[in-house]
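The structure under discussion appears below in the form of structure tokens.
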Amino acid sequence: SLRNRLADGYLFNHNLATIFRPEYQTLVPDIFADLGDRKIMSKGSTISDPHPNFTNEGAVQLAALAAIQYFEKNPSAKSFSLSPNDNILYDTTEATKEAVSPIRYFRKRPNYTDMTFEFLNKVARKVFDEAGLWKTDQGEDRYLAMLAYYWAEQSPTIPLHPRVLPILTSDRSQWHDPAYRQDDKYLIERWGKTGAEKIGSWDYYFGAPYPYPRQFIQWISESLPYLHQNRVDVFFSQLPSMWGLDGPKAWLAAQLLWDANAEADSLLNEFYDEFFG
């Protein structure tokens, strides 16, 4: 990260479980998900805890308070994450059913984007419009970040607060499929028209633990310039790597993040010459 001059300026990982802590569940149970016959107690896990009840005003207030307290404690912080937990355990009350009705699907999953990001819109209005925490102590813009993930991957039909920072999640190695590639391009374009001032991307560049070399440098060289053209300027990738196999992906991506118009073949030739000799 240091060698490639990567910045660590924005927080956007799964975080709701650290806000909606287990001790709150007995005090204000309505802000937590009601899963019907499934009784799952929160444990503070961003993997296994259900999402809060996104339609509940108390949930909005708690999330806004957590963001306000974080920014006040960290005056230089540019973002605070309100990303969903890493699962699809949503509230099942009538209020939630009404919020997502009629059910629509995207990539064969239910589409809960509008409900999820309207929750974030409400939090943003409290943090920025009401509390006035627009800027850091260095005068930089602040944002509330949320992963566009699983059941919230589709673009919203509602406008977004300008300081909402959506992070688009995608395995762009799948661009080898022309239909997926075009669909993903349209999705990126739609997110770019939502009113959010800043947009990010979370790409899955995994090498290990796949049991075969997972090379897709062609799609890296095409997708990063396309993301740049459509206002995406925050980028994150998961790449636990074996450098002999995965190094070209990291090298090419880092170089294109400096200059999205750089020539990919020249960059790769440089890597192969200098790394392998």
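General observations
- When semi-axes √(5λ) of the Cα gyration tensor in Å is calculated for this entry, the matching label among (i) 40, 24, 17; (ii) 34, 21, 18; (iii) 39, 28, 18 is (ii).
- Fraction of antiparallel bridges per DSSP, the chain only, in percent to nearest 5: 15
- Tensor-based shape of region 58-180 (alpha-carbon gyration tensor, a/c under 1.5 rounded, otherwise prolate or oblate): oblate
- Pairwise Cα distances in region 146-277 exceed 23 Å in 35 percent of cases.
- Computed packing ranks the peptides 43-56, 95-108, 182-195 as 43-56, 182-195, 95-108, most packed first, by mean other Cβ atoms within 10 Å.
- Region 53-82 and region 189-263: distance between their alpha carbon centers, rounded to Å: 29
- Per-residue Karplus couplings for region 194-201, computed as 6.51 cos²θ - 1.76 cosθ + 1.60 with θ equal to phi - 60°, are listed in order as 8, x, 5, 5, 9, 9, x, 9 Hz, Gly and Pro entered as x.
- Amide H contacts of Ile199 (H built 1.01 Å from N, under 5 Å, at least 5 apart or other chain): Asp233, Val234
- Rg over Rh, two decimals, region 36-85 (C-alpha only, Kirkwood Rh): 1.04
- Per-residue Karplus couplings for region 94-109, computed as 6.51 cos²θ - 1.76 cosθ + 1.60 with θ equal to phi - 60°, are listed in order as 4, 4, 5, 4, 5, 5, 10, 8, x, 4, 10, 10, 9, 6, 6, 10 Hz, Gly and Pro entered as x.
- Residues whose amide H falls under 5 Å from that of Ala33, counting only those 5 or more places apart or on a different chain, are Asn53, with hydrogens built in the peptide plane.
- Computed over region 113-220, relative contact order equals 27 percent, with contacts defined as Cα pairs under 8 Å that lie 6+ residues apart.
- Crossing angle, helix 264-276 versus the chain [Cα axis fit, 0-90 degrees, rounded to tens]: 70
- For Ala148, the residues whose modelled amide H falls within less than 5 Å of its own, excluding neighbours fewer than 5 places apart on the same chain, are Ile167, Leu168, Thr169.
- Extension reserve of the Glu94-Asp129 stretch, reckoned as 0.36 nm per residue once the Cα distance is removed: 9.6 nm
- The residues of region 218-263 expose on average 48 square angstrom of accessible surface per residue, using a 1.4 Å probe on protein heavy atoms.
- Around Asp137: net Lys/Arg minus Asp/Glu count, Cβ-Cβ under 14 Å: +1
- Stretched out straight at 0.36 nm per residue, the stretch from Lys73 to Arg38 would grow longer than its current Cα-Cα span by 8.9 nm.
- Computed in the context of the full set of protein chains, the accessible area of region 140-277 at 1.4 Å probe radius has 54% of its extent on carbon or sulfur.
- Residue-normalised accessible area of region 48-189, expressed per residue, 1.4 Å probe, Å²: 42
- Helix 243-258 vs. the chain, principal-axis angle (Cα, 0 to 90°, nearest 10): 70
- Each residue of region 13-24 was assigned a 3J(HN,Hα) from its phi angle through the Karplus curve 6.51 cos²θ - 1.76 cosθ + 1.60 (θ = phi - 60°); the sequence is 6, 3, 8, 4, 5, 7, 8, 8, 6, x, 5, 7 Hz, with glycine and proline shown as x.
- For the chain, lysine pairs separated by 8 or more sequence positions, or belonging to different chains, with Cα-Cα distances below 14 Å total 4.
The values are calculated or read from the model by the stated rules, or taken from the named source; none is laboratory data. On a predicted model such as this, the values are computed, not experimentally measured, just so you know. Cβ coordinates were reconstructed from backbone atoms using ideal geometry, including for glycine residues, and neighbour counts include every protein chain displayed. The accessibility values were calculated without ligands, DNA or RNA, using every heavy atom of the protein model including side chains. Shrake-Rupley method; radii C 1.70, N 1.55, O 1.52, S 1.80 Å.
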